[in-house]
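What follows is a single structure, written as structure tokens, with notes after it.
The values are calculated or read from the model by the stated rules, or taken from the named source; none is laboratory data. None of these values were measured; they are calculated from a predicted model. Every residue, glycine as well, gets a Cβ built from its backbone with ideal geometry; the counts of neighbours run over all protein chains shown. These accessible areas exclude ligands, DNA and RNA; they are computed on the full protein's heavy atoms, side chains included. Shrake-Rupley method; radii C 1.70, N 1.55, O 1.52, S 1.80 Å.
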Amino acid sequence: MFLLCTSLFGAVLCLGPDGAVGSTRSNLDTIEAVPYALQLSDVGSAIGIGALNHGMGMGTGVIAADYDNDGDVDLFVPSGVGFASQLYRNDGGVFTEIAVASGITDLDNARSALWFDADGDDLLDLVVQYDQFQMPGVIGTRTLALFAQQADHSFVEVTAGSGLDGMPLLVPQTHGGAMSAGDLTGDGRLDLVVTTWDQGVWIFRNDGGMVFTDITSDSPLDGVASAFWQPVMFDQDLDGDLDVFVAHDFSPNSMLDNDGTGSFIDTAAVLGLDSAFNEMGATLGDCDNDGDLDLYVTNLYGVAEHNVFFTKSNVGIGYDEESVALGVDNGGWGWGTVFVDYDNDGRLDLAEVNGSEFGGADVPWKLWMNRGPMVGTPVYAAEEGSIGFNYGDSGSAMLYADIDRDGDQDFIATVMNGPVRVLESNTTDARPNNRWLVVRPRMPGTNNTRAIGAVVTTRTGSVTRTRLISAGTSFMAQVPAEAHFGIGQSTVIDELIVKWPDGTQTVLIDVAPGQVLDVVPVIPRKGSALRDRIRTWIRR
């Protein structure tokens, strides 16, 4: 069920499909039924996901978004040289591959990709990164390509003259990295951070009109030709702008503290985030339901290195590294990772895929279920074996998305020398009394229509849960621009707060669970062009 809520001239309005306003609080206490075990089922081939044509290397990406605005989550998978990448359109849980038919026909060695609305037209555009890793004698024609989505949901390449064509060709044996998007300069447009493995990091300011300017020189990473993997954007210091954490292979990580204009200093050492193992994937989540975002980063596991779990310190401004204490340090040769409430019980669980670039996984993929208190230090239990996540494949990128819109989160992962593995969850059947809510903040009429950088918080009783709307996470991956909340057996969300990227807030009360909820900011008063655009978007 879809519901539209907005704060209208100081009042909160929630309209359901039947036009009913608001929600009714239930005082019914339920005892959770457990009809059968939690289980993941590999359904990729059954729902239309084809073979993965990946290039040689250490990983390849997969990204998820509702690119065609029809309400369900679609997938894009980059492909290796000689193969067109794959665009899977989701029609009610069944996928059709339409990349070439949609105008995405290039055959270069695509490594990673990202969905973002580059021009504020409410149509997600696509940027793809290419490389020549381990391909002697084969030199690609570009490093980045920008595809603009048209009104009919086809794509036209607009790389030439965009500024993204100024990123140099990666030299042979330089691996493409990952990307993230967010408003780094405070102008409302989505900027890009692009990493590579062994040739450095690029930061591009979005100037509007599908034109970008390289502003890497305003960062301490300018000219650092080193091995970087996943960047993630969040407001680390709560000063109102997005900062950028960058996972760094072999060397200390970077935490790019933004001054609000896209100029940065590196505060990783001050904050205790500068571990110098082999950091690769990164995910953010409020694992202890205390309102701030914690950071988990994957690594190799050995005598002197392991995955790292950074939680906000209770003393001072930095972070404490608690992976060993929490039992989530050994993830083998870790790559993609996500925080997600897999069983809708209100606590964030933690998943990780791993595998050697030489084939196979050192240890099975990991699914650590959070069995701790609802508020406070999580207690993780490795339950991948019983749930069906314990694959021995060489996993790479990994994300979560509700591909069938049944209220629980499914997993999608790329496997080197294997398939795109789509693992469907049975949580809504196995735990029917664990309720859920999906919130989709949207900012129609702006340059950031998907509200990237917004923070969504729910409160049920005394428990608050916080989610970030992001573009780019895990490892060469992207989760949809929506916030999923499991709320356990609570029958109503007492309060829901969307903090928009500009710092303003929309507050809703008594929100019913079991729905996908679109939230937009306050509609401006009469005579505003923005108001007219928002009203048109609502009617759609």
Report task. Would you calculate the separation in nanometres between label points at S313 and S45, each defined as 7 Å from the Cα along the Cα-to-beta-carbon direction? Result -> 5.2 nm
Requested in this report: Please give the net charge around P364, taking every other residue with its beta carbon less than 11 angstrom from that of P364, where Lys and Arg add +1 and Asp and Glu add -1.
Outcome: -3
Report summary line: Per-residue accessible area, 1.4 Å probe, largest first, puts L169, L508 in the order L169, L508
Query raised in the report: Of all the C-alpha pairs in segment 73-197, what % are more than 20 Å from each other?
Result: 44 percent
Query raised in the report: Accessible area of F83, 1.4 Å probe, to the nearest 10 Å²?
Result: 100 Å²
Report summary line: Note to self, the chain gives a 222 nm [θ] from helices alone (DSSP H runs n ≥ 4, -39500 (n - 2.57) apiece, / all residues, nearest 500) of -1000 deg cm²/dmol
Report summary line: Volume per residue (Å³) of the convex hull spanned by the alpha carbons of segment 413-500 is 127 Å³
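Once fully extended, how much extra length lies between D290 and Q150, figured as 0.36 nm per residue of separation less the alpha-carbon to alpha-carbon distance? Kindly include the intermediate steps, with their values, before the conclusion.
Values: separation 140, 0.36 × 140 = 50.40 nm, distance 4.17 nm.
Extending this stretch completely gives an extra 46.2 nm.
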Report summary line: Extension length gain for I509 and N69 (0.36 nm per residue less Cα distance), in nm, is 155.7 nm
Report task. Enumerate the whole-percent occupancy of each 5 Å bin, from 0 to the last occupied one, for all C-alpha pair distances of segment 32-106. Result -> 3, 14, 21, 22, 16, 10, 6, 4, 3, 1, 0
Report task. Would you calculate the separation in nanometres between label points at V270 and V94, each defined as 7 Å from the Cα along the Cα-to-beta-carbon direction? Result -> 5.6 nm
**Report entry** Rounded to the nearest 10 Å², the accessible area of Y36 at probe 1.4 Å
**Finding:** 110 Å²
Query - Entry for percent of Cα pairs over 47 Å apart (calculated from the structure that is shown) out of (i) 25; (ii) 9; (iii) 5 - result: (iii)
Report task. Could you tell me what percent of the DSSP beta bridges with both partners in the chain are antiparallel, to the nearest 5? Result -> 90 percent
Report summary line: Diffusion coefficient in µm²/s returned for segment 220-340 by Stokes-Einstein, Kirkwood Rh over C-alpha pairs, 37 °C and 0.692 mPa s, is 226 µm²/s
Query raised in the report: What nm distance separates the two modelled labels at D406 and S386, each placed 7 Å from Cα along Cα→Cβ?
Result: 2.1 nm
Query raised in the report: What order, most packed first, do the peptides 453-459, 189-195 have when packing is the mean number of other Cβ atoms within 10 Å of each residue?
Result: 189-195, 453-459
Query - Where Rh is the Kirkwood radius over Cα pairs, Rg/Rh for segment 328-370 - result: 1.05
Report summary line: Under a 1.4 Å probe, counting only protein heavy atoms, F250 has an accessible area in Å², nearest 10, of 130 Å²
Query - Accessible surface ranking that places the most exposed of H54, H484 first, with a 1.4 angstrom probe - result: H54, H484
